[in-house]
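First comes the structure, then the notes that go with it.
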Amino acid sequence: MTSIERTAYPRFKRLITARELHVFFTPSEEERAWVEEAADSNEHQLALLLSLKSYQRMGCFPKAHDVPNQVMEFVRRAAELPEDTLPVYGSERTAKSQRSMVRQRCGMRYDGPGARALAEETMRIEAASKNNPADLINIALEKLVEAGLEIPRFSTLDAMASTVRARVNEEILAGIRERMTEEERAGLLRLVNVVGLDGKSPFKGCDRDTHQRGNGMIL
């Protein structure tokens, strides 16, 4: 599994500075007015504001328990909501409706199959020259943002990168094998056979010759 820290996948930092809170999570007056009109309770208003500001920052909806209390408290105070207000939904239908409103406001589309297809195609093309899963995930993220598509979960992209990389590597190896003669294939297989009393295989000598050629010492 690829470490999310090695990728550009959007996520909340462990430590968020006061400046970052102010720049990225302060709701504008227009946003506050929009939320007050769209939501019928303090709890729904806070939930909608958190979804909006998180989506603007990340391009996807974080799970409720992934939103730091630091962010929740900042947004609540900025919206001048009562101190005991918590971001809760009356039902899953309400949560789904709010997500649709946020996407529409941000000009983003939710198309799970389309996003996965675009990410997979991007990874497949790039995997011919890049073998690091983190690189494949980052390039897919760029294409998804350019297309205005909501970003799939990290676990989805991570599993996809591993699968695509393995498939492309197999295709590359199969292509190399097809270009080899039967004699070359047999010689390649013999490289791992241990011969002689020293317990070494021909691969050891091949590795040494390759290293010497790389240093300009062709023997």
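The values are calculated or read from the model by the stated rules, or taken from the named source; none is laboratory data. Everything numeric in this text was worked out from a predicted model, so none of it was measured. Virtual Cβ from ideal backbone geometry, glycine too; neighbours counted across all protein chains shown. These accessible areas exclude ligands, DNA and RNA; they are computed on the full protein's heavy atoms, side chains included. Shrake-Rupley method; radii C 1.70, N 1.55, O 1.52, S 1.80 Å.
Let me spell it out: the conditions are (1) at pLDDT 95 or above; (2) open to solvent by 50 Å² or more (accessible area, probe 1.4 Å); (3) hydroxyl-bearing (Ser, Thr, Tyr), and residue 97 meets all of them except one. Which number is the exception? The failed condition is (1). In the set (1) charged (D, E, K, R); (2) over 24 Å from the mean Cα position of the chain (by Cα); (3) in a loop (DSSP other than H, G, I, E, B), the condition left unmet by residue 14 is number (2). Does residue 81 satisfy the criteria of being touching a helix residue (DSSP H, G or I) at 6+ places or on another chain (Cβ under 7 Å), open to solvent by 60 Å² or more (accessible area, probe 1.4 Å) and assigned to a loop (DSSP other than H, G, I, E, B)? Considered against the rule, which asks whether it is touching a helix residue (DSSP H, G or I) at 6+ places or on another chain (Cβ under 7 Å), open to solvent by 60 Å² or more (accessible area, probe 1.4 Å) and assigned to a loop (DSSP other than H, G, I, E, B), residue 81 comes out as no. Scanning segment 94-147 for residues that are under 30 Å from residue 27 (Cα atoms) and of a type in the set (A, V, I, L, M) yields a count of 10. Screening segment 56-78 for residues that are open to solvent by less than 20 Å² (accessible area, probe 1.4 Å) and of a type in the set (Val, Ile, Thr) and picking the one that is farthest from the chain's Cα centre (by Cα) gives 75.
Can you work out which of the residues in segment 1-45 that are hydroxyl-bearing (Ser, Thr, Tyr) and touching a helix residue (DSSP H, G or I) at 6+ places or on another chain (Cβ under 6 Å) is farthest from residue 140 (Cα to Cα)? So, considering only residues that are hydroxyl-bearing (Ser, Thr, Tyr) and touching a helix residue (DSSP H, G or I) at 6+ places or on another chain (Cβ under 6 Å), the one farthest from residue 140 (Cα to Cα) is 26. Scanning segment 101-126 for residues that are closer than 26 Å to residue 169 by Cβ and without any contact (Cβ under 8 Å) to a residue 24 or more places away in the chain yields 113, 117, 121, 122, 125, 126. Restricting attention to segment 84-93, which residues are outside any loop (DSSP other than H, G, I, E, B) and buried (at least 17 other Cβ atoms within 10 Å of the Cβ)? Within segment 84-93, no residue meets the criteria. For segment 100-117, residues that are in a helix (DSSP H, G or I) and either acidic (Asp, Glu) or crowded, with 18+ Cβ neighbours inside 10 Å (or both) total 2. Can you name the residue in segment 118-166 that is of a type in the set (Lys, Arg) and not in a helix (DSSP H, G or I) and, of all such residues, is modelled with the lowest pLDDT? In this case the residue turns out to be 130. Once segment 17-55 is narrowed to residues that are in a loop (DSSP other than H, G, I, E, B) and of a type outside the set (Gly, Ala, Ser), the residue that is least open to solvent (accessible area, probe 1.4 Å) is 27.
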